[in-house]
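Below: one structure, written as structure tokens.
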Amino acid sequence: MSVAALSILLFNEGISFSETAKSVSEVVIEKAPQELYIITEHKVSDLNYDKEISFHEEDYNVYFIDDNKGLYIGAGLNINASDDKSMKINVRKRSSGRSRTDATRKAESLLYNYRVTGDTIFLDEYFTFPEGTKWSFDDVRVTIDIPEGTKVYFDKTSEQMLLRQHYYNEEWTWIWDGEDKDMVRSGSQDNQWVMTEEGIRRISDTTERTK
């Protein structure tokens, strides 16, 4: 079904490409906060979309609003350990085109928003395209590098973005329990994560291993 849906998408968008290119931007905060909050600002659930195509093995989800009123794609989230005391926010956009120049231009034009306010990063769950631009196997991935020991708090959506990305990279064995994981600044360790020498882990999991 996914292949059939992709074929329809390719036909409707009239795609022609042979090259792939990416655009990368990075923000560096010299002194990372000891506690970091990652909040989703614009969510897929707010789109009221009509159709969805999901490629689960690639963690790639496309959302349609009928009558060509909108096409949106889920963004990915990775969190890695930094090699110093800084925090880095890297946004990689990738597109395809008829030439490398065309693919680079398309990648740079993808519309994805995030912002940093103090100890909080506000991320969008999805990206979209400028008016008149057609889909061309586009992709946006956000990577946040933080020092070991940094505690991280998520809202439900940003935590799901993280879980999906690491699960499909086979870093974790993940079974979603269906529970909401709303961001909590203090309280249950189930809502708190920490960067360890093994990567980012839920605090309750690291506590169990040290018992």
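Filtering region 74-131 to residues that are of a type in the set (Val, Ile, Thr) and not in a strand (DSSP E or B) leaves 101, 104.
Listed conditions (1) more than 14 Å from residue 158 (Cβ to Cβ); (2) more than 13 Å from the chain's Cα centre (by Cα); (3) touching a residue at least 60 places away in the same chain (Cβ under 8 Å); (4) outside any loop (DSSP other than H, G, I, E, B) are all met by residue 36, apart from (1).
Consider region 132-169 and keep the residues that are in a loop (DSSP other than H, G, I, E, B) and in contact with a helix residue (DSSP H, G or I) (Cβ under 8 Å, 6 or more places away or on another chain). The one that is nearest to residue 195 (Cα to Cα) is 138. Can residue 81 be described as aliphatic (A, V, I, L, M), in contact with a Ser or Thr (Cβ under 6 Å, 6 or more places away or on another chain) and more than 27 Å from residue 45 (Cα to Cα)? Answer is no for this residue.
Quick grid of which residues meet (1) buried (at least 16 other Cβ atoms within 10 Å of the Cβ); (2) modelled with pLDDT of 90 or more; (3) within 30 Å of residue 192 (Cβ to Cβ):
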{"site": "8", "(1), (2), (3)": "no, no, no"}
{"site": "13", "(1), (2), (3)": "no, no, no"}
{"site": "18", "(1), (2), (3)": "no, no, no"}
{"site": "30", "(1), (2), (3)": "no, yes, yes"}
{"site": "40", "(1), (2), (3)": "yes, yes, yes"}
{"site": "48", "(1), (2), (3)": "no, no, no"}
{"site": "52", "(1), (2), (3)": "no, no, no"}
{"site": "56", "(1), (2), (3)": "no, no, yes"}
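If you go through region 88-102 and keep only what is farther than 13 Å from residue 142 by Cα and either of a type outside the set (Gly, Ala, Ser) or more than 21 Å from the chain's Cα centre (by Cα) (or both), you end up with 97, 98, 99, 100, 101, 102.
The values are calculated or read from the model by the stated rules, or taken from the named source; none is laboratory data. What you see is a predicted model, and the numbers here were worked out from it, not measured in a lab. Note that each Cβ is placed from the backbone with ideal geometry, even for glycine, and that neighbours are counted across all protein chains shown.
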